[in-house]
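Chemist: One structure, pasted below without further comment.
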Amino acid sequence: MALLKATKLSKEFGGLKAVSNFEVTIEKGELIGLIGPNGAGKTTAFNLLTGVYEPTTGEIELDGKSVVGLKPYQITQQGLARTFQNIRLFSELSVLDNVKIAYHFHVKYNILEAVLRMGKSD
């Protein structure tokens, strides 16, 4: 079973078709890229996959379960997240530390517990 599968995914904004019949299948451990000219719909495709936009048509499955209609944070909790092209977010941190920050929703302690190093661990 594919880790991520999008079939016949389309997004229309009024009369403009930003994405038309986009399909992708990603298996566990696979690394793929999405390339194309400006205006080709790459960002819209990512926004569809991560729940920023709801598709006009099509299906998106993560681990065999539909994620269409879920909020972005719900999709992120299931393991699918995105980042933005903003290299100034945390420029003083390493790449690894910047990636770790996106994992914050798994933290089981509050800010005071973190400062006092009383955090709960799993």
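The values are calculated or read from the model by the stated rules, or taken from the named source; none is laboratory data. Predicted model, so just to flag it, every value in this text is computed and none were measured. Neighbour counts are summed over all protein chains in view; Cβ atoms, including those assigned to glycine, are modelled from backbone coordinates with ideal geometry. Just the protein is used for accessible areas: all its heavy atoms, side chains included, with ligands, DNA and RNA removed. Shrake-Rupley method; radii C 1.70, N 1.55, O 1.52, S 1.80 Å.
Chemist: On full extension of the chain, what length is gained from Lys65 through Tyr103, given 0.36 nm per residue of separation minus the C-alpha to C-alpha distance?
Modeler: 11.5 nm
Chemist: Moving on. I'd like to know which of Pro55, Met118, Gly39 lies farthest towards the positive end of the charge dipole of the chain, counting +1 on Cβ of Lys and Arg and -1 on Cβ of Asp and Glu.
Modeler: Met118
Chemist: Give me the distance in nm between label points sitting 7 Å out from Cα along the Cα-to-Cβ direction at Gln85 and Asn38, one decimal.
Modeler: According to this spin-label approximation, the distance is 0.9 nm.
Chemist: Considering only protein heavy atoms, what per residue accessible area in square angstrom results for the chain with a 1.4 angstrom probe?
Modeler: 76 Å²
Chemist: Next question, about the same structure. Which percent of the accessible heavy-atom area of the chain goes to carbon and sulfur, probe 1.4 angstrom?
Modeler: Of the solvent-accessible surface of the chain, carbon and sulfur hold 56 percent.
Chemist: Apply the Karplus curve 6.51 cos²θ - 1.76 cosθ + 1.60, θ = phi - 60°, to the phi angles in segment 69-74 and return the couplings in whole Hz, x for Gly and Pro.
Modeler: Those phi angles translate into x, 7, 6, x, 5, 5 Hz.
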